[in-house]
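Enquirer: To start, I am sharing the structure in question, which I have written as structure tokens.
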Amino acid sequence: MSTIGSAIQSMQSIAGVSVPDSPLIAEAIGYAQRLSEPYLFNHAMRSWLFAAKIGQVKAIECDAEVVAVGAVLHDIGLTHSVGGDHRFEVNGANAARSFIKERGLSDRRAQLVWDLVALNSTASIALHKEPEVALGTMGIGLDYGGFGFEALIPPAEMAAILDAFPRLKMKQNFAETCHHLVEARPETSSDNFLRDFGERFVAGYKPVSTVDLLMNAPFAE
């Protein structure tokens with residue numbers, strides 16, 4: 001995987017995966033770890049390593065530092081420390097952009113990180129975006145739902161990543177996080193995957209219907 005950006009000085013091996021090493025990546029990892037519960041931090045790290053490995057297997061040319069930062073920070077909008085009036089992906093993307101802009105990234109690279117974070121749960125769009133956004137989404141999707149589980153990562157390398165960053169009851173803990181977020185901010189859950197968690201786990205949950213929005217529009221017909 002090629003990299004763009006003078007901040008990357010060297011490569012490192014994490015769980016057997018060759019990934020870029022830069023001060024920005026190290027700071028992003030520290031930031032995500034401070035904000036996140038252990039299971040969520042491990043999910044972010046696995047997502048990055050999966051994305052990096054997929055990029056290598058598929059020989060995808062991209063800015064590997066952007067992929068790293070976007071993947072590591074992609075779920076900070078689910079943490080208690082990142083708030084906002086928008087759906088959690090946008091809140092997280094705004095926080096990620098503020099974090100990296102303070103460290104001198106160009107507008108273009110900052111926008112790619114924003115898009116990766118904001119679209120990480122909308123694969124039907126993200127996979128058609130720039131390579132950095134698409135690749136980050138592939139890694140996140142693999143860890144979340146096992147998409148490409150057998151085809152993309154050799155079993156031994158998968159085992160090494162899972163050993164280095166255990167799932168820590170990811171399924172249960174992630175579902176509980178989403179459940180609580182829907183209860184606290186139901187207005188942010190109608191147009192993203194939180195809707196599914198609301199309908200499954202939150203008693204009395206009633207999302208906004210796009211049909212109702214159309215039929216109730218203030219026009220004569």
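Enquirer: When the residues of the range 160-206 are narrowed to those that are among the hydrophobic types (A, V, I, L, M, F, W, C) and not in a helix (DSSP H, G or I), which ends up surrounded by the fewest Cβ atoms within 10 Å (Cβ to Cβ)? Steps first, answer last, please.
Expert: Step one: list which residues in the range 160-206 are among the hydrophobic types (A, V, I, L, M, F, W, C), which gives 160-162, 164-165, 168, 170, 174-175, 178, 181-182, 184, 193-194, 197, 201-203.
In the following step, the residues that additionally are not in a helix (DSSP H, G or I) were identified as 165, 168, 193, 202-203.
Values: 165: 22, 168: 14, 193: 14, 202: 19, 203: 6.
Per the criteria, the residue is 203.
Enquirer: Would you call residue 221 out of contact with any Asp or Glu (no Cβ under 8 Å at 6 or more places or on another chain) and surrounded by 12 or more Cβ atoms within 10 Å (Cβ to Cβ)? Give the steps one after another, and end with the answer.
Expert: On the way: out of contact with any Asp or Glu (no Cβ under 8 Å at 6 or more places or on another chain): yes; surrounded by 12 or more Cβ atoms within 10 Å (Cβ to Cβ): no.
No; evaluated as a whole, the condition is false for this residue.
Enquirer: Give the range 145-184 a look and list any residue that's in contact (Cβ under 8 Å) with a residue 40 or more places away in the chain and not aliphatic (A, V, I, L, M), or say none.
Expert: Within the range 145-184, 148, 157, 163, 165, 166, 167, 169, 173, 174, 177, 178 meet the criteria.
Enquirer: Across the range 96-114, what is the total count of residues that are without any contact (Cβ under 8 Å) to a residue 24 or more places away in the chain and not aromatic (Phe, Trp, Tyr)? Give the derivation first.
Expert: Residues of the range 96-114 without any contact (Cβ under 8 Å) to a residue 24 or more places away in the chain: 97-98, 101-102, 104, 106-108, 110-111, 114.
Those left that are additionally not aromatic (Phe, Trp, Tyr): 97-98, 101-102, 104, 106-108, 110-111.
Qualifying residue count, the range 96-114: 10.
Enquirer: Still on this structure, I have one more. Does residue 59 satisfy the criteria of being more than 11 Å from the chain's Cα centre (by Cα) and assigned by TED's automatic domain parsing to the domain that holds residue 137?
Expert: Working: more than 11 Å from the chain's Cα centre (by Cα): yes; assigned by TED's automatic domain parsing to the domain that holds residue 137: yes.
So residue 59 fits the description; yes.
Enquirer: Another question, then. For residues in the range 115-159 being surrounded by fewer than 17 Cβ atoms within 10 Å (Cβ to Cβ) and among the polar types (S, T, N, Q), which is farthest from residue 43 (Cα to Cα)?
Expert: Taking the candidates together, the pick is 124.
Enquirer: In the range 39-56, which residues are farther than 19 Å from residue 10 by Cα and either in contact with a Pro (Cβ under 9 Å, 6 or more places away or on another chain) or basic (Lys, Arg) (or both)?
Expert: Answer for the range 39-56, where residues must be farther than 19 Å from residue 10 by Cα and either in contact with a Pro (Cβ under 9 Å, 6 or more places away or on another chain) or basic (Lys, Arg) (or both): 39, 42, 46.
The values are calculated or read from the model by the stated rules, or taken from the named source; none is laboratory data. Nothing here was measured: the structure is a model prediction, and the numbers come from that model. Glycine gets a Cβ as well: all are built from the backbone with ideal geometry, and neighbour counts include every protein chain shown.
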